[in-house]
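Quick notes on the structure that follows.
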Amino acid sequence: MELEKFYYDNKIVKQFAFATMLWGIVGMLVGLVIALQLAFPFFNFDFQYTTFGRVRPVHTNAIIFAFVGNAIFTGVYYSMQRLLKARMFSDLLSKIHFWGWQLIIVLAAVTLLAGHSMGKEYAELEWPIDILIAIIWVAFGANMIGTMIKRREQHIYVAIWFYLASFLAVAILHIGNSIEIPVSILKSYPVYAGVQDALVQWWYGHNAVAFFLTTPFLGLMYYFLPKIANRPVYSYKLSILHFWALVFIYMWAGPHHLLYQALPDWAQALGTTFSIMLIAPSWGGMINGLLTLRGAWDKVRDSAVLKFMVVAVTAYGMATFEGPMLSLKNVNALSHFTDWTIAHVHIGGMGWNGFLTFGMLYWLLPKIFNTKLFSEKLANAHFWIATLGMLMYSVPLYWAGFTQTLMWKEFTSDGILAYPNFLETVTQILPMYMTRVVGGLFYFTGAILMVFNLIKTVRGGSIINNEEAQAPALEKLQASRRDGESTHRWLERKPVRFAVFSLIAVAVGGAVEIIPLIVVKSNIPTIQSVLPYTPLELEGRDLYIREGCYTCHSQMVRPFRSETERYGEYSKEGEFVYDHPFQWGSKRTGPDLARAGAKDGKMYRNLAWLYKHFIDPREMSPGSIMPKYPWLATQNLDISHLKRKIEVMQMLGVPYPKGFADKAEADLKAQAEGLSSELKAAEIDLAADKEMIAIMAYLHKLGRDISVSQANQ
């Protein structure tokens, strides 16, 4: 059979690999900074753009989309060309993808530090960047699917199944969660509110972990692990079961992030049920990966690359066992809002994503630069330092999580909270936060060693940007199944049909859970006493989101005695019908604020206390690790978009009176003057046009309507 000559594009692989190393160092460095900020508040630097609330989203986005994202693209562009025996479909699309993705990363960092945030975890970026992400993601998908169509291999290999499903699922998730109405060039409100927004966000948030941090890396595992070990995948049949079960079940599991919260019980039950089911396909993949190394364990002992791979797959197994366990309601009651979740996430991030990326880079760069790794000893040192760092990071956080939940829930023999002051739990876990810094420093040091090692490797070799290859042209086969061919083998010859079936598998779960809550309004009961935010409160809420307060404070009182005793009445679904976006939070570094405005509540603080607390939290709460916010008292409140904000809220169904947008500014100024006068009575001179006035108004709104409702009963 005549062979066709073609050329692999190694240049795009090299570019994504270099970007992976660059953003990995940046993301880990930022992570080290926020770890220091929690242990030592000094590292907030009392500067508006470097507080924990602004820097923390930069860390999560840098690790997920910059470091891990570029690692995915590195592996996909290298492996797809070789698995399909074809150059990528379009060099232009490859370039657009690379430079477009790097532009997104830079824009994300700049806007998040500047305070332009949607206030939704892993989906903080504002609408222009969301649109750019969609465009670049489609360019990536078109390039990938085009390459599949012009391939020289009959069957698409298992790794490509995972790449394809990841592309389709992320497209659905990103678009579905990013439907928003612009207010200005860098401000918008999501179309969903309260319970709806929470469900859509955690459908996205959980499955961003699933289809960005997991399934594409499973594809990389299925390619690189057998390749490096020079062993076939342990079981083809197990890989089929692994793939289809995983992509179908994952989309149903999002509600397990909202257990015991203001979400209908049926949605919580579905999330828990499918989360438990996830153990089977997840561990099927882990077993398939580890058993691929059967007969090759001597290589593992001698190879740093395989050590990274083994620990990566093991960490995947640990994280995907712990995740379903945390979705059990009795376990979730203990773990949620604590550092236990942070430890769990970092086992996956550091172990699964980080170690697999390190192993891939150590193997791939010497390959494309036609040389040997500069130092195997340095790679082994990196492995042990990073492993120790991961353990020193995660174990103290597990301990901190257990400490938090036990202290939060403990009652004395007299039936009162043993630790009524939330700050007591914070000061108790500070040693764990300090140990985490050491673990993070170890992990970061290992990454520095890797970059040095790989730079020396690259300088010692020479890349062929267009690597020559040969393969026979794809044989034209009939569309029907051949004799003796299984249904799945036939489907592997039909990438478009494979994509359609994958799309159906990933779309069903989200549709079943989300559509009833969006279409059937009666599923979200209303509370008559709950009123829309006043213009001043709305501006204050936007400032609360700008400063990233949701990264440390929840606004969700769960129906546990320990929480109602500490915070007040548990949260109801109807409280949040005007919240665009919702602000339930996922971590309590500070106390819950859902009842912060109820004057008869346990969390109420008067304006003078709030003022002093913002200026210097440690003056009012010795031992607090909250950043200072003095600029809120000096910066003027920007109300230039207030009219548009009210109009957008009206478009979203918030029942402001007709023509209220034209009166909103006067309403805002009148309320602000009242608060300023109240502060003057407490001998605090704060002008009515300052940002702190607005954020105080917002905090005093929280829970107030529910308190009024109870008083009227």
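The values are calculated or read from the model by the stated rules, or taken from the named source; none is laboratory data. Source: prediction; values computed, not measured. When we count neighbours, we look across all protein chains shown, and the Cβ atoms used for this are built from the backbone with ideal geometry, even at glycine.
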A careful count of residues in the range 645-686 that are aromatic (Phe, Trp, Tyr) and more than 36 Å from the chain's Cα centre (by Cα) gives 1
The range 486-598: helices (runs of 4 or more DSSP H) wholly inside it with 2 or more residues that are more than 18 Å from TYR260 (Cβ to Cβ) and over 28 Å from the mean Cα position of the chain (by Cα) are 487-492, 495-519, 535-546
Item to complete: Answer yes or no as to whether GLU539 is in contact with a Leu (Cβ under 7 Å, 6 or more places away or on another chain) and on the phi < 0 side of the Ramachandran plot.
Response: yes
Only one of (1) of a type outside the set (S, T, N, Q); (2) touching an Asp or Glu at 6+ places or on another chain (Cβ under 8 Å); (3) at pLDDT below 95; (4) within 24 Å of ILE342 (Cα to Cα) does not apply to GLU121, and that is (2)
Filter the range 493-551 for residues that are in contact with a Ser or Thr (Cβ under 9 Å, 6 or more places away or on another chain) and hydrophobic (A, V, I, L, M, F, W, C); the one that is farthest from VAL648 (Cα to Cα) is ILE527
Exactly one of ILE706, ILE684, ILE695 is under 14 Å from GLY540 (Cα atoms), hydrophobic (A, V, I, L, M, F, W, C), surrounded by 13 or more Cβ atoms within 10 Å (Cβ to Cβ) and in contact with a helix residue (DSSP H, G or I) (Cβ under 8 Å, 6 or more places away or on another chain), and that one is ILE695
Taking the range 411-444 and the residues there that are without any contact (Cβ under 8 Å) to a residue 40 or more places away in the chain and either more than 18 Å from ILE625 (Cβ to Cβ) or of a type in the set (A, V, I, L, M) (or both), the one that is surrounded by the most Cβ atoms within 10 Å (Cβ to Cβ) would be ALA418
Filtering the range 1-17 for residues that are over 20 Å from ILE96 (Cβ atoms), surrounded by fewer than 17 Cβ atoms within 10 Å (Cβ to Cβ) and not acidic (Asp, Glu) leaves a count of 3
*State whether the residues of the range 339-362 include one that is in contact with a helix residue (DSSP H, G or I) (Cβ under 6 Å, 6 or more places away or on another chain), buried (at least 23 other Cβ atoms within 10 Å of the Cβ) and of a type in the set (D, E, K, R).*
yes
Might you let me know whether the range 445-467 holds any residue that is under 23 Å from the mean Cα position of the chain (by Cα) and either assigned to a helix (DSSP H, G or I) or exposed (fewer than 14 other Cβ atoms within 10 Å of the Cβ) (or both)?
yes
Of those in the range 623-640 that are touching a Ser or Thr at 6+ places or on another chain (Cβ under 9 Å) and surrounded by fewer than 16 Cβ atoms within 10 Å (Cβ to Cβ), the residue farthest from GLU569 (Cα to Cα) is SER640
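Quick grid of which residues meet (1) part of a loop (DSSP other than H, G, I, E, B); (2) among the polar types (S, T, N, Q); (3) more than 22 Å from VAL451 (Cβ to Cβ):
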site: PHE308; (1), (2), (3): no, no, no
site: VAL313; (1), (2), (3): no, no, yes
site: PRO366; (1), (2), (3): no, no, no
site: LEU373; (1), (2), (3): yes, no, no
site: ALA381; (1), (2), (3): no, no, no
site: MET392; (1), (2), (3): no, no, no
*asked:* Quick check on the range 642-660. Is at least one of its residues closer than 30 Å to LEU423 by Cα, surrounded by fewer than 18 Cβ atoms within 10 Å (Cβ to Cβ) and touching a residue at least 12 places away in the same chain (Cβ under 8 Å)?
replied: no
Those residues of the range 45-91 which are among the polar types (S, T, N, Q) and either crowded, with 23+ Cβ neighbours inside 10 Å or assigned to a helix (DSSP H, G or I) (or both) amount to GLN48, THR50, THR51, THR60, ASN61, ASN70, THR74, SER79, GLN81
The one condition LEU334 fails out of (1) surrounded by fewer than 20 Cβ atoms within 10 Å (Cβ to Cβ); (2) within 19 Å of LEU246 (Cβ to Cβ); (3) touching a Ser or Thr at 6+ places or on another chain (Cβ under 6 Å) is (2)
Point to revise | Verdict on PHE321 being in the same structural domain as TYR260 (by TED's automatic domain parsing) and closer than 22 Å to VAL76 by Cα | key: no
Condition met for ILE448 (closer than 30 Å to ASN353 by Cα, of a type in the set (Val, Ile, Thr) and out of contact with any Gly (no Cβ under 8 Å at 6 or more places or on another chain)): yes
Of (1) more than 28 Å from PHE442 (Cβ to Cβ); (2) surrounded by fewer than 23 Cβ atoms within 10 Å (Cβ to Cβ); (3) among the aromatic types (Phe, Trp, Tyr), PHE42 satisfies every one except (1)
Among (1) assigned to a loop (DSSP other than H, G, I, E, B); (2) surrounded by fewer than 20 Cβ atoms within 10 Å (Cβ to Cβ), ARG618 falls short only on (1)
LEU225 passes all but one of the listed conditions (1) touching a strand residue (DSSP E or B) at 6+ places or on another chain (Cβ under 8 Å); (2) over 22 Å from TRP137 (Cα atoms); (3) buried (at least 22 other Cβ atoms within 10 Å of the Cβ); the exception is number (1)
Legend entry - Condition check for THR387: within 30 Å of ILE228 (Cβ to Cβ), among the hydroxyl-bearing types (Ser, Thr, Tyr) and not in a helix (DSSP H, G or I): no
